[in-house]
1. Of all the residues that make up the stretch 341-356, how many are touching a residue at least 60 places away in the same chain (Cβ under 8 Å), assigned to a loop (DSSP other than H, G, I, E, B) and more than 11 Å from residue 284 (Cβ to Cβ)?
2. Based on what the data block shows, is residue 411 surrounded by fewer than 22 Cβ atoms within 10 Å (Cβ to Cβ) and farther than 30 Å from residue 316 by Cβ?
3. List, please: which pairs have Cβ atoms under 8 Å, are six or more places apart or on different chains, and start with a residue in the stretch 313-340 that is in contact (Cβ under 8 Å) with a residue 60 or more places away in the chain and in a helix (DSSP H, G or I) and end with one that is more than 12 Å from ligand 1 (Cβ to nearest atom) and polar (S, T, N, Q)?
4. Among the helices (runs of 4 or more DSSP H) contained in the stretch 118-237, which hold 1 or more residues that are among the hydroxyl-bearing types (Ser, Thr, Tyr), surrounded by 12 or more Cβ atoms within 10 Å (Cβ to Cβ) and modelled with pLDDT of 90 or more?
5. Condition test on residue 44, is it out of contact with any Leu (no Cβ under 7 Å at 6 or more places or on another chain), surrounded by 20 or more Cβ atoms within 10 Å (Cβ to Cβ), of a type outside the set (Val, Ile, Thr) and farther than 24 Å from residue 457 by Cα?
6. Inspect all residues belonging to the stretch 273-290 and state whether any of them is surrounded by fewer than 16 Cβ atoms within 10 Å (Cβ to Cβ) and either outside any helix (DSSP H, G or I) or touching a helix residue (DSSP H, G or I) at 6+ places or on another chain (Cβ under 9 Å) (or both).
7. Six or more apart or on different chains, Cβ under 6 Å: which pairs go from a residue in the stretch 275-299 that's within 19 Å of residue 152 (Cβ to Cβ) to one that's away from ligand 2 (no atom under 14 Å from the Cβ) and of a type in the set (S, T, N, Q)? Could you list them?
8. For the stretch 123-146, state whether one or more residues are without any contact (Cβ under 8 Å) to a residue 40 or more places away in the chain, within 13 Å of ligand 1 (Cβ to nearest atom) and over 19 Å from the mean Cα position of the chain (by Cα).
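The values are calculated or read from the model by the stated rules, or taken from the named source; none is laboratory data. These numbers come from a predicted model, not from an experiment. With ideal geometry, Cβ positions are generated from the backbone for all residues, glycine too; neighbour counts draw on all protein chains shown.
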Amino acid sequence: LRLRCSRPSIPCLPSLPLLGSLLSLSTDQAPHLLFTQLGHQYGSLFALHVGPHYTVVVNDFKHAREVLLQRGKEFAGRPKMMTTELLSRGGKDIAFADYSPLWKSHRRLVHASFTMFGEGSNKLQSIVCDEATSLCADLSAQASQPLDLRLPLMRAVTNVVCTLVFSSTYQPSDPEFHSVMEYNSGIVQTIARGSMVDIFPWLKIFPNKEVKRLKECIRVRDELLSRKLREHKETYNPEETRDLLDALLKGQRSSGNGSSITDDHVLMTAAEVFGAGVETTSTTLLWMIAFLLHHPEVQDRIHQELDEHIGRNRMPMLADRGRLPYLESTLCEVMRIRPVSPVLIPHVALQDTSLGEHSIAKGTRVLVNMWSVHHDPQQWDDPEKFKPERFLDAGGQRVSPPCFLPFGAGPRVCVGECLAKLELFLFSSWLLQRFTFSVPQEALLPNLQGCFGVVLQPLAYTVSVLPRLG
Ligand code: HEM
Ligand code: PLO
């Protein structure tokens, strides 16, 4: 007991009853930037009250590693937030569900299904290559005018997850595709942005415009996905697993009748893979092109590497990954400098534990500020500079420092990491083998600041797409 009492407490931001530390946070700055700045003032580990919730913010790699890896299991909980509870029907998904044995077997099932479609077979590669072919054709057809890449990239990545989850794809003009785009952007804009309802759960008794919009988007999503689930159940054949939905139905049926995966779990998982699969990958590709417009010398070097190691007579494949270290390093540098999830998803201590020399009580919320880890001058030279070569060793081989964690780590690491890396490699290599991207005449360079939400997105920009292949 004496040992515990003598442990120093974590520096805490000044707090007011009820309002928590919210008043000292009322600035326009996005949380990852604000926390990084407060870290300089209070030390890299500090605490604050978000509404009634005591929350610890971690800004350095040493403590991030403790939370995610060394004591990963003890910090593997998730808080209940009003908007994510609505999104996931009370945590029947993976990302926003609190730790439980059911969550664990549910997560394992999804992971196993990804492995089955992915690394084990070539199915995933051929799905992505089909979409990359169609994306390149799409861009060639529009190449004469300045383009906003959002729509074509979204369609390509939507079709990849759509094939994976439901075995179906969309044509550009499909009204259902536009409805997916619309509800997704509504959800991204309203969910978990530290919106007032998440901070003050009791506000839900008041009508609130944001919650209303979120509920409407969720209604549209649920209608669309329930239809897909119904169709799958009608044509389900235990002998043939067509896609993730079949794999979930199979897992549901084989897990016996104990506490098991319900139809709600199946629906929420499909919705989540669909949502996560689209928003993260398309955002990373948009960041990549934005940085290439700012750094044409990096684009030139990728073009050179592609010409030298692949040529122009065949398309890059997964087996070529080792031959294109500079392209892979560029993808890493993009995810370092603009992580799509700069403060990860909040973690919660599942039991009394510790962090560094401090004790942490069960129920403490922990925000891991990966932005600050990825911009820490003690870990990186010139962290604000875009330098893909930092991920290459002297012999030109790719290296990955331990403090580079765009997908998180430990028990809550991203389940889509392999899928995401595979898609990023194939889409970016196909696009750059075929095209040169540049700033359209009279247009400005893209703004690199980003717009913070549940994912950190670049502001809209236009680009000229010039074919390289005859
Ligand atoms: C969780 C990053 C793509 C599905 C996460 C987390 C991060 C992340 C940082 C949270 C880790 C934590 O809270 O500690 C990324 C990045 C991606 C990407 C950078 C692409 C560039 C994907 C894709 C999928 C996916 C393609 C699905 C197909 C998930 C799920 C979780 C998750 C289900 C929740 C895991 C859990 O809470 O147990 N991702 N992700 N992600 N991601 Fe991804
Ligand atoms: C994206 C919009 C969808 O309509 C719903 C959805 C589900 C899962 C979320 C995803 C959104 C955003 C990115 C998230 C993902 C789970 C893991 C991933 C938060 C909100 C990351 C990067 O952490």
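1. Residues of the stretch 341-356 touching a residue at least 60 places away in the same chain (Cβ under 8 Å): 341-351, 353-356.
The next check asks that each one be assigned to a loop (DSSP other than H, G, I, E, B); those that pass are 341-346, 349-351, 356.
Going one step further and asking which of them are more than 11 Å from residue 284 (Cβ to Cβ), we end up with 342-346, 349-351, 356.
Adding up the residues that qualify gives 9.
2. Details: surrounded by fewer than 22 Cβ atoms within 10 Å (Cβ to Cβ): yes; farther than 30 Å from residue 316 by Cβ: yes.
Yes: the conditions hold for residue 411.
3. What qualifies is 318/125; 320/429; 325/397; 327/429; 332/400.
4. Details: elements: 123-141, 150-166, 175-190, 196-199, 209-234.
Where helices (runs of 4 or more DSSP H) fall fully within the stretch 118-237 and carry at least 1 residues being among the hydroxyl-bearing types (Ser, Thr, Tyr), surrounded by 12 or more Cβ atoms within 10 Å (Cβ to Cβ) and modelled with pLDDT of 90 or more, they are 123-141, 150-166, 175-190, 209-234.
5. Details: out of contact with any Leu (no Cβ under 7 Å at 6 or more places or on another chain): yes; surrounded by 20 or more Cβ atoms within 10 Å (Cβ to Cβ): yes; of a type outside the set (Val, Ile, Thr): yes; farther than 24 Å from residue 457 by Cα: yes.
Criteria met by residue 44.
6. Our first condition is that a residue be surrounded by fewer than 16 Cβ atoms within 10 Å (Cβ to Cβ); within the stretch 273-290, this holds for none.
Looking through the stretch 273-290, none of the residues is surrounded by fewer than 16 Cβ atoms within 10 Å (Cβ to Cβ) and either outside any helix (DSSP H, G or I) or touching a helix residue (DSSP H, G or I) at 6+ places or on another chain (Cβ under 9 Å) (or both).
7. 292/299
8. yes
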